[in-house]
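One structure below.
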Amino acid sequence: MTHADLRSDTLRHLEFSLGKDLPHAHVYDVRMALSLAVRDRIITPWFASTRAAYAARGKRVYYLSMEFLIGRLLEDAIVNLGLMDEARAVCESCGFDFATVLANEPDAALGNGGLGRLAACFLDSMSTLGCPGHGYGIRYEHGLFQQRFEDGVQIEEPEEWLRQKHAWEFERPEVMYGIAFGGHVRDHDGRRVWEPDEQVLAKAHDTPVIGWRGRWANTLRLWGAEAVHGFDLAAFNRGDYMGATAPEALARTISRVLYPDDTSDAGKELRLRQEYFFTAASLRDILRRFCGEHEDLAALPRHVAIQLNDTHPAIAGPELIRLLHDEHGMDFDTAEDTARGCLGYTNHTLMPEALERWPEWLMDRVLPRHLEIIGRIDEGHARAHPHRNAHILSDGNVNMGELSFIMAHKVNGVSALHTDLVKDTVFAELHRLHPDRIVNQTNGVTPRRWIVAANPALRKLVGDTIGPRWVSDLERLSELEPHVDDAGFMDAYAAAKRTNKEALARWLRETQGVTVNPAAMFDIQIKRIHEYKRQHMNILETIALWNAIREDPNGEWTPRVKIFGGKAAPGYVLAKEIIHLINDVGRVINADPVTRDWLQVVYPPNYNVTMAERLIPAADLSEQISTAGKEASGTGNMKFAMNGAPTIGTLDGANVEIRERVGAENFFLFGMTAPEVVARRTVEGHAAQAIDASPRLAQALEQVASGVFSDGDTDRYRGVVDNLRHHDFFVVCSDFDGYWDAQRRVDAAFRDPAGWMRMAALNTARSGWFSSDRTIRGYMAEVWDIAPLIAPASDLAAE
Ligand code: CR1
């Protein structure tokens, strides 16, 4: 395929799909036309993959997730199809700048954070490896809210990604399922029969997911909700125009919004309905596909692996039993075993407030038959294990974690440390009863998105140095290691980092009106704002550093730009206060002529996947400073490491494994370990003690409290300050001095540019293990029991 083909296809789509000619085309038209021309090139491999999966009559994977944080897709497709140069040439020959065309695509924010982005990386890796499967989720009309700052305060605005036509999806009006809710359960000749009193239609929308070099493509199928009878003509004819559209509006609320919270139970009936809606539609679809190929439903586990991405789709257990038992007549115990044979469950958090529990009365109202089935699963488990305390139903609640565990044949954590904590804490008893069930699958990220697309400078250098195979075999990055002693390579590595930093500096100037010095250290913390992630520790350290520089302006300092990015859940008051504080501190520090050359704080609003792609390649330092035992894994930490930003961090989540691999000398460790944190919390007055012992911290806190950053307002930060002084569950105060010291080690290391670059390059060379290809291979072997349908890309002849 040549540039001429892609160009003529783009022009054809411009004319016949967009109805425009080139002289009148807007960047939107060109972006859509190019997307359609690229999409055309996915169809053949997509069909071929589907046919191959049917022909194999083997197993498929179904990844059920409330979130798929896919971001933009055009560049991804171009990269995977190897069309970079062609696509750029097409845009330029049409008179458009390639980057501008790519930037015109809305960022599909169908997720909150790590959990959703992980699902997107997994789709990419499954297609790259030729693991036949589908992603199943919800086609939210409004993705995660857009964040803006007003006087430093987070304001949420609705996200409107579907205002424009979505270039990548195929609507499937022929694939619709009625999803029922409510009603009653009655006895019918000894059988329990659910008589629901409400129904909503689930309509399929398919997005092909193309793997590396276009060798395989899977499908992401997202469900949109529609009313059974969308329009009430009688009401309309009576003149009741609002009433006429009410059924449609009501039904559509189910797929209207993504809950803007990734750690706390939204506690809303609508959320439960969303979970059942997409899970039930997906299971119907899975059974339809299975029944088209096979007869015996008992064989389901040999052909179907269903992965529950956290407990959000946990209703899949009882729903599958209901389908097999109530609707297909399988006896209950066999149905339960069959369902368990299909299901795997991934736990992503130990935060108690994020472990879903539904009141029984609510479950009874929305899903009465499921509540009965859950009761029976719980009883059965109790009979088999008489002396156990772990209950699915307890204190009037349905515990979705216990339900997921009991209904899954494998349960996994997402980093080695997290998996150990899962065994020792939340599921300690269930682990004792089922010692073979919990396995670890440390998270990973796709190098196609996070190096090849996001970091062209590094991609080129790596390719020039070790050839092209690393993209689908990331452990080959280790072949870079001998080159860290080669001055020519190291110059090029430093130049690539510099290019990325200059690009970020340009973007910050153009979009935020901030001028930063690309020679300064770019110190970046980007993730959801949460107390356990401790952005407030970072900003307190920033204040302490500011104080120190002011005291000794002629001292030996290392210039730093502290960059923050991230959103707070709209109802999470303290997190929003932290955002406000960061912005306030930035305003004061950035205006100080004494420190301006040494320290700056930048917080661009509306952090999303696209912004991450911009920031990570330009980072010098990766902030992974969560309270040990709280961050299940982290995935941003992996992206930074592979892009050559050493970590300052605690022994938490996958940090532990990153440090093991990149080497302790290339990682800035500080802080208490998970058991030390637990012990520290039992010390009465631990926060006050720590503050007394740390004049720097005491001063910074006092400045915040006394209004230095809030125009004298001593109330604004009372929440944060009181929390830290008197409660401090996340042990910010006790870890503060360790963090400060580690930052000074960072300063010293950065003053030796060659040493620093060597450390950065070793982070790249040693992070190949963190590819999501490795993670997916782990799931295939240890959870799904499935073999790939294409040969490993590493077996192919090099290009
Ligand atoms: C965890 O907080 C992890 C991702 C993906 C998040 C993060 O540490 O990297 O999952 N958990 O496994 C989450 O969003 C609802 O829970």
Taking the criterion of being in contact with a Cys (Cβ under 8 Å, 6 or more places away or on another chain), under 30 Å from A354 (Cα atoms) and either at pLDDT 95 or above or in the same structural domain as H303 (by TED's automatic domain parsing) (or both), would at least one residue in the stretch 55-66 satisfy it? yes
How many residues are part of a loop (DSSP other than H, G, I, E, B) and touching a residue at least 24 places away in the same chain (Cβ under 8 Å) when one looks only at the stretch 554-584? 11
I need the full set of residues from the stretch 585-610 which are out of contact with any helix residue (DSSP H, G or I) (no Cβ under 9 Å at 6 or more places or on another chain) and either assigned to a helix (DSSP H, G or I) or without any contact (Cβ under 8 Å) to a residue 60 or more places away in the chain (or both), in order please. R587, N590, A591, P593
For F170, which of the numbered conditions (1) within 21 Å of F277 (Cα to Cα); (2) surrounded by 16 or more Cβ atoms within 10 Å (Cβ to Cβ); (3) out of contact with any Phe, Trp or Tyr (no Cβ under 7 Å at 6 or more places or on another chain) fails to hold? (2)
Residue ID - surrounded by the fewest Cβ atoms within 10 Å (Cβ to Cβ), chosen from residues in the stretch 85-114 that are among the small types (G, A, S) and within 15 Å of the ligand (Cβ to nearest atom): G113
For D436, are the conditions met, namely being more than 27 Å from M611 (Cα to Cα), without any contact (Cβ under 8 Å) to a residue 24 or more places away in the chain and not assigned by TED's automatic domain parsing to the domain that holds R117? no
Of S767, S734, S771, the only residue that is among the small types (G, A, S), touching a residue at least 60 places away in the same chain (Cβ under 8 Å) and touching a Ser or Thr at 6+ places or on another chain (Cβ under 8 Å) is S771
Top-ranked residue in the stretch 410-459 [being in a loop (DSSP other than H, G, I, E, B) and of a type in the set (D, E, K, R); ranked as nearest to the ligand (Cβ to nearest atom)]: R437
Within the stretch 504-531, count every residue that is in contact (Cβ under 8 Å) with a residue 12 or more places away in the chain and surrounded by fewer than 17 Cβ atoms within 10 Å (Cβ to Cβ). 5
Just a yes or no: is a residue in the stretch 288-301 closer than 18 Å to E226 by Cβ and at pLDDT 90 or above? no
Pairs please, first residue from the stretch 299-323 and closer than 20 Å to N399 by Cβ, second anywhere and of a type in the set (K, R), Cβ atoms under 7 Å, 6+ apart in sequence or on different chains. R322/R369
Which of the helices (runs of 4 or more DSSP H) contained wholly in the stretch 639-706 include at least 2 residues that are more than 16 Å from the ligand (Cβ to nearest atom) and more than 14 Å from R766 (Cβ to Cβ)? 674-681, 686-693, 695-705
Please verify whether the stretch 319-333 includes one or more residues that are within 16 Å of the ligand (Cβ to nearest atom) and touching an Asp or Glu at 6+ places or on another chain (Cβ under 8 Å). no
Looking only at the stretch 610-635, and only at residues there that are hydrophobic (A, V, I, L, M, F, W, C) and within 14 Å of the ligand (Cβ to nearest atom), the one that is surrounded by the fewest Cβ atoms within 10 Å (Cβ to Cβ): A612
Only one of F427, F405 is farther than 21 Å from E360 by Cα and of a type in the set (F, W, Y). Can you tell me which? F427
Being within 16 Å of the ligand (Cβ to nearest atom), among the basic types (K, R) and surrounded by 13 or more Cβ atoms within 10 Å (Cβ to Cβ) narrows it down to one of R139, R192, R117, so name that one. R117
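The values are calculated or read from the model by the stated rules, or taken from the named source; none is laboratory data. Bear in mind that the values here come from a model prediction, so they are computed numbers and not experimental data. Ideal geometry is used to build each Cβ from the backbone, glycine not excepted, and the neighbour counts take in all protein chains shown.
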